[in-house]
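Report on one structure; see the data block that follows.
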Amino acid sequence: KEVKVVATAALDARQQVEAAKYGGDIKITAQGSIKSLDPGFAPAYVTYAVAMHIWETPFALDKDYNNTPQMIDTWEMSSDGLTWTFNLRDNIAFSDGSAVTTADVMPSYERWIADSGAGKFVAALMDDVTATDSNTWQFKMNTPMGGVPGAMGWAYRGLWVFQEAGVKAVVGKREDIGQDNYVGSGPYKLSKWDVGDSVVLERNEDYIPRKEPGTYLAGAKIAYVDTITWLEIPDEETKIAGLKTGEWDVVDGAGLDHFGPLSSDPNMNISMYGFHKSFLGISH
């Protein structure tokens with residue numbers, strides 16, 4: 001932030017390169033219509049694509065799909081595998097300036113175990129969950145389970161931590177927390193939402209990233225751009241045409257028919273999954 005503010009010719013070459021990374025707006029066409037930004041309510045990808053910049057989970061997936069601490073500083077499992085203890089990292093706060101505490105985690109946990117498969121699975125093996133202080137909570141299990149961090153940190157239906165006041169009213173209900181409660185602890189915050197047209201996020205200037213390098217959803221989340229705008233453009237051909245003319249910067253999930261022509265265009269960069277797989281989930 002200091003580099004961005006004092007960027008002048010007096011800066012050395014490294015600082016000038018760093019300063020040049022900041023600022024501007026990135027425009028993205030969403031895969032579909034965005035009806036909710038609440039990741040604890042809506043399971044749609046278009047919801048998570050936006051929400052992961054606003055809210056956080058205790059753990060998060062790195063580029064190799066390992067769960068690593070995000071909101072968590074330290075954690076441990078007891079030798080008998082029955083007690084998990086988690087400590088929030090210092091100075092973590094919501095974008096309105098209020099501190100994130102276990103008072104926010106507890107109702108978020110209750111919502112998680114009511115609405116997600118992973119949460120229900122963990123709850124079935126749980127005897128009790130307790131906040132020991134404003135920064136620490138414990139899971140008391142009736143059966144050892146090594147996958148608790150993984151369950152909390154899965155991007156879809158993970159343990160998203162919402163503000164206490166906003167989430168308490170919807171615990172146990174299939175309801176959106178409401179736009180007035182769209183306040184998270186992530187690197188961006190909601191600036192404007194014209195439902196059916198666009199969503200604009202702006203940098204959360206008070207966000208303190210982790211010190212580890214950023215890797216997929218984990219590590220340091222550096223808010224390089226001032227704003228991120230998601231646009232709802234229903235027509236696929238219009239999306240591609242606007243991309244070519246620079247009307248927007250990214251088409252999220254372009255149709256496969258466009259892969260060949262875009263690959264041969266030297267002005268286009270295509271991000272590829274390292275893998276993409278189907279799976280059969282057994283309900284037991």
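The values are calculated or read from the model by the stated rules, or taken from the named source; none is laboratory data. Note that the coordinates shown come from a computational prediction; the quantities given were computed from them, not determined experimentally. Positions of Cβ are backbone-derived with ideal geometry, glycine not excepted, and every protein chain shown enters the neighbour counts. Heads up: the accessible areas ignore ligands, DNA and RNA and are worked out on the full protein's heavy atoms, side chains in. Shrake-Rupley method; radii C 1.70, N 1.55, O 1.52, S 1.80 Å.
Relative contact order for region 72-160 using alpha-carbon pairs under 8 Å, separation at least 6, rounded to a whole percent?
On the way: 135 pairs, mean separation 27.9, N = 89.
Normalised by residue count, the contact order of region 72-160 is 31 percent.
Rounded to a whole number, what % of the accessible area of the chain do carbon and sulfur atoms account for, probe 1.4 Å?
Solvent-exposed carbon and sulfur of the chain make up 53 percent of the total.
State to the nearest 20 debye the size of the charge dipole of region 94-190 about its Cα centre, where the only charges are +1 on K and R beta carbons and -1 on D and E beta carbons.
Once rounded to the nearest 20, the dipole reads 280 debye.
Over the chain, what is the relative contact order in percent, taking alpha-carbon pairs closer than 8 angstrom and at least six residues apart?
Across the chain, relative contact order equals 25 percent.
Can you pull the accessible area of His258 for me, 1.4 Å probe, Å² to the nearest 10?
Using a 1.4 Å probe on the heavy atoms, I get roughly 30 Å².
Keeping all protein chains in position, work out how much accessible area Val199 exposes to a 1.4 Å probe, and write it in Å² to the nearest 10.
0
Here is the link list: Lys189/Lys211; Lys35/Lys221; Lys120/Lys221; Lys221/Lys244; Lys35/Lys173; Lys120/Lys211. Which ones come out longer than 24 Å on Cα distance?
Beyond 24 Å between Cα atoms: Lys35/Lys221; Lys120/Lys221; Lys221/Lys244; Lys120/Lys211.
Any idea how far the Cα center of region 128-189 sits from the one of region 255-284, in Å?
So the two Cα centres are separated by 31 Å.
Just order 265-273, 151-159, 70-78 by mean Cβ neighbour count inside 10 Å, highest at the front, would you? Could you put the intermediate results ahead of the total?
Details: 265-273: 8.8, 151-159: 22.0, 70-78: 16.4.
Taking the mean over residues of other Cβ atoms within 10 Å, the ranking is 151-159, 70-78, 265-273.
What percentages, rounded to whole numbers, describe P(r) for region 164-284 computed over all alpha carbon pairs with 5 Å bin width beginning at zero?
2, 8, 12, 14, 14, 18, 17, 10, 4, 1, 0
Rounded to two decimals, what is the ratio between the C-alpha radius of gyration of the chain and 2.2 N^0.38 Å?
So the Cα radius of gyration is 1.08 times the expected 2.2 N^0.38 Å.
What size of dipole, in debye to the nearest 20, comes out for the chain about its Cα centre when the only charges are +1 on Lys and Arg C-beta atoms and -1 on Asp and Glu C-beta atoms?
Dipole size: approximately 360 debye.
Can you tell me which aspartates and glutamates have their Cα less than 17 Å from the Cα of Lys277? Leave out same-chain residues fewer than eight positions away.
Qualifying aspartates and glutamates at Cα under 17 Å: Asp64.
Find the accessible area per residue for the chain; the probe is 1.4 Å, ligands and nucleic acids are left out, and the unit is Å².
53
Mind checking the dipole of region 17-63: about its Cα centre, +1 per Lys or Arg Cβ, -1 per Asp or Glu Cβ, Debye to the nearest 20?
160
Name the most mobile residue of Lys63, Lys21, Lys120, meaning the one with the largest mean-square fluctuation, in a Gaussian network model of the chain with Cα contacts below 10 Å.
Most flexible of the set in this elastic network: Lys21.
So if I average 1/r over every pair of distinct C-alpha atoms in region 14-110 and take the inverse, what Kirkwood radius in Å does that give?
Kirkwood hydrodynamic radius for region 14-110: 16.7 Å.
If you wrap a convex hull around the Cα atoms of region 175-222, how much volume per residue is inside, in Å³?
Hull volume over Cα atoms, normalised by residue count, gives 111 Å³.
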